[in-house]
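What follows is a single structure, and I will ask about it in a moment.
The values are calculated or read from the model by the stated rules, or taken from the named source; none is laboratory data. This is a predicted model, so every value here is computed, not measured. Neighbour counts are summed over all protein chains in view; Cβ atoms, including those assigned to glycine, are modelled from backbone coordinates with ideal geometry. Accessible surface areas use protein heavy atoms only, side chains included; no ligands, DNA or RNA. Shrake-Rupley method; radii C 1.70, N 1.55, O 1.52, S 1.80 Å.
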Amino acid sequence: MAMNAFSFNAQASQSVDSLWTKAAAAYSEGQWSEAVASYQAILDKGVESPKLYYNLAGAYFKDGWKGKAVLNYERALRLDPSFNDAKYNLEIVNAQIEDDIAQVPEFILKSAARKLCYMISSDAWAVISLLMLALTLAGVLMFVLCHGSALRKTGFFGAIATVLLFVCALGCSLSQRSDALRQDKAVIIKPVAPAKSSPSAESSADLFVLHEGTKVTIIDEVAAWVDVELADGRQGWVKKDTLEII
């Protein structure tokens with residue numbers, strides 16, 4: 001599950017290069033804990049990339065930490081939603097998660113729009129939006145400056161088409177960036193996380209039990225407790241140390 005290529009900031013120190021080499025060697029030799037420690041040490045230096053999270057997730061999965069594997073595959077996809085290898089491996093890990101939670105059906109057009117937005121990265125959509133903007137301006141100039149009716153019609157309708165594509169591409173780019181900045185998605189990292197009816201261990205009832213690797217949405221926080229929502233709409237309070245934000 002590891003990828004050998006890794007690119008990072010040119011200002012990254014030689015120690016990061018050394019850690020990456022050490023992690024890759026440990027991974028190839030099946031020393032999963034050592035690989036995890038080295039990849040994590042790179043993150044601790046403030047360096048991150050989709051491939052780093054991907055390799056860290058693979059090492060965690062091999063070492064038996066499914067929750068941490070899901071967490072880091074999700075982090076790789078947060079940085080690069082079009083990372084198909086991360087999507088594939090995440091599906092493999094999710095198939096082994098104990099909690100099988102049914103997803104609330106999403107409106108078909110909204111689902112289709114989301115899939116379209118995540119076909120390529122936010123940066124790629126931004127480039128496309130700039131290209132469409134340039135073509136829109138070209139169409140406007142053609143309409144204003146050309147004298148032939150055929151050319152003016154081409155410029156007019158071409159500008160309308162490209163400005164619509166510009167809006168769509170820009171919207172996809174901004175939507176992805178907004179999702180990447182959100183801090184309300186988390187993954188259960190403890191083997192078991194009881195969900196309570198209120199943020200209290202003594203005066204609340206058990207609603208259900210969550211297991212390692214389950215993805216949740218954070219609704220509220222009170223002291224050491226977090227109110228979470230599952231994909232099927234159920235809500236409950238769990239201890240903050242049982243999960244980690246994506």
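Here are some pairs, K45/K115; K110/K185; K45/K240; K22/K115; which of them have Cα atoms lying more than 28 Å apart in this structure? Don't jump to the answer; show the numbers that get you there.
Details: K45/K115 34 Å; K110/K185 19 Å; K45/K240 25 Å; K22/K115 37 Å.
Result: K45/K115; K22/K115 exceed 28 Å.
About its Cα centre, what dipole magnitude does the chain give when the only charges are +1 on Lys and Arg Cβ and -1 on Asp and Glu Cβ, stated in debye to the nearest 20?
Values: 23 positive and 27 negative charges, 210 e Å.
My answer is approximately 1020 debye.
For region 127-172, count the residues as N, evaluate 2.2 N^0.38 Å, and divide the Cα radius of gyration by that value, please. Numbers along the way, then the final one.
On the way: Rg = 10.9 Å, N = 46, 2.2 N^0.38 = 9.4 Å.
Against the compact-globule rule of thumb, the ratio is 1.16.
Farthest toward the dipole's positive end in the chain, which of G67, Y54, L131, given Cβ charges of +1 (Lys, Arg) and -1 (Asp, Glu) about the Cα centre?
So the residue furthest toward the plus end is L131.
With the contact rule set at Cα under 8 Å and sequence spacing of 6 or more, what percent relative contact order holds for region 133-231? Don't jump to the answer; show the numbers that get you there.
Values: 120 pairs, mean separation 17.9, N = 99.
Relative contact order for region 133-231 comes out at 18 percent.
Further question: With +1 on each Lys and Arg Cβ and -1 on each Asp and Glu Cβ, how big is the dipole of region 137-192 about its Cα centre, in debye rounded to the nearest 20?
Values: 6 positive and 2 negative charges, 14 e Å.
Its charge dipole is roughly 60 debye.
Moving on to the next point. Would you mind computing Rg(Cα) / (2.2 N^0.38 Å) for the chain, counting N as its residues? Don't skip to the answer; put the middle values down first.
Working: Rg = 23.1 Å, N = 246, 2.2 N^0.38 = 17.8 Å.
Working it through for the chain, the quotient is 1.29.
At a threshold of 8 angstrom on Cα-Cα distance, excluding pairs fewer than six apart, so keeping six or more, what relative contact order does region 13-158 reach in percent? Display every interim value, and only then the final one.
Details: 125 pairs, mean separation 19.1, N = 146.
Computed value for region 13-158: 13 percent relative contact order.
Based on alpha-carbon positions alone, could you give the equivalent ellipsoid semi-axes of region 115-242 from the gyration tensor, as √(5λ), descending, whole Å?
On the way: eigenvalues 565, 27, 22 Å².
Calculated on Cα positions only, the semi-axes equal 53, 12, 11 Å.
Mind listing the lone cysteines of the chain, meaning no other Cys beta-carbon sits under 4.7 Å from theirs?
C146, C168 - these cysteines have no disulfide-compatible partner (Cβ-Cβ under 4.7 Å) in the chain.
How would you order 220-231, 68-79 from highest to lowest mean count of nearby Cβ atoms within 10 Å?
Details: 220-231: 15.8, 68-79: 24.2.
Result, highest mean Cβ count within 10 Å first: 68-79, 220-231.
What part of the accessible area of region 15-94, given as a whole %, is carbon or sulfur when the probe is 1.4 angstrom? List each step's numbers first, then the result.
Numbers: 1610 of 3410 Å².
Of all accessible area on region 15-94, carbon and sulfur atoms account for 47 percent.
Follow-up question, since we're still on this one. Distance between Cα centroids, region 53-79 to region 202-231: provide it in whole Å.
Spelled out, the Cα-based centre of one part sits 21 Å from the other.
Let me ask another. Where the only charges are on Cβ atoms (+1 Lys, Arg; -1 Asp, Glu), what is the dipole of region 44-182 about its Cα centre, to the nearest 20 debye?
540 debye
Positive end of the charge dipole of the chain (Lys, Arg +1 and Asp, Glu -1 on Cβ, about the Cα centre): tell me which of A37, S18, W225 has its Cα farthest that way.
S18
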